[in-house]
Amino acid sequence: MGRAHRADKLYAKREHLLIAQGTKRVLLGEETYVYDATSFLISSVDLPVVANIVEATKKKPYLGLVLELDLREISQLMVDSGLPLTRSRQAQKGMAVGKLSLPLLNTFQRLMDLLDENETIKILAPLVKREIFSVCF
């Protein structure tokens, strides 16, 4: 394991974070959230946090992906789905770590693949993002 990197004070935005390589630790008050390539971190509100990369080397640097959450899209998805709103204890804090499933990873991969599709990205990206939100919520 690589050495821990300096901690940065920052605001966690409304976002969904995936890590392809490395491990990151986020401190929110007295709570600690650790996530790596097998998990994801989601923040539903802007929060003051302290974060640092705890595993990365020169040969295997930290590599992550951030997807900003669109609360209007998520609200509409919840209305369209008719699913009841359930809140876990972690979700009530505005931040949670979850296990990265293969379907969610594949959906993120499809979203990244659209970066090379200039003609269809505007049409397909919102649909793929909606799928990501539906898997997470």
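FYI, it's all coordinate maths here, none of it is from the lab. Note that the structure is predicted; figures quoted are calculated from it, not measured. Cβ placement follows ideal geometry from the backbone for every residue including glycine, while neighbour counts extend to all protein chains displayed.
Do you know which residues across the range 106-123 are touching a residue at least 12 places away in the same chain (Cβ under 8 Å) and either farther than 20 Å from Lys13 by Cβ or part of a strand (DSSP E or B) (or both)?
Pass one, the range 106-123, residues touching a residue at least 12 places away in the same chain (Cβ under 8 Å): 107-108, 110-112, 114.
Listed by number, the residues that qualify are Thr107, Arg110, Leu114.
Just to be sure before I move on: is Glu68 exposed (fewer than 12 other Cβ atoms within 10 Å of the Cβ) and under 14 Å from the mean Cα position of the chain (by Cα) in the structure I sent? Don't jump to the end; show me each part of the working.
On the way: exposed (fewer than 12 other Cβ atoms within 10 Å of the Cβ): yes; under 14 Å from the mean Cα position of the chain (by Cα): yes.
Taking the combined requirement at face value, the residue satisfies it.
Considering only residues that are among the β-branched types (Val, Ile, Thr) and out of contact with any Gly (no Cβ under 7 Å at 6 or more places or on another chain), look in the range 8-41 and name the one that is surrounded by the most Cβ atoms within 10 Å (Cβ to Cβ).
Residues of the range 8-41 among the β-branched types (Val, Ile, Thr): 19, 23, 26, 32, 34, 38.
If we keep only those that are out of contact with any Gly (no Cβ under 7 Å at 6 or more places or on another chain) too, we end up with 23, 26, 32, 34, 38.
Numbers: Thr23: 20, Val26: 22, Thr32: 11, Val34: 13, Thr38: 10.
Checking each candidate, the answer is Val26.
Which of the residues that make up the range 37-60 are within 21 Å of Arg14 (Cα to Cα) and part of a strand (DSSP E or B)? Write out each step before concluding.
Residues of the range 37-60 that are within 21 Å of Arg14 (Cα to Cα), as a first pass: 37-53.
Matches in the range 37-60: Ser39, Phe40, Leu41, Ile42, Ser43, Leu47, Pro48, Val49, Val50, Ala51, Asn52, Ile53.
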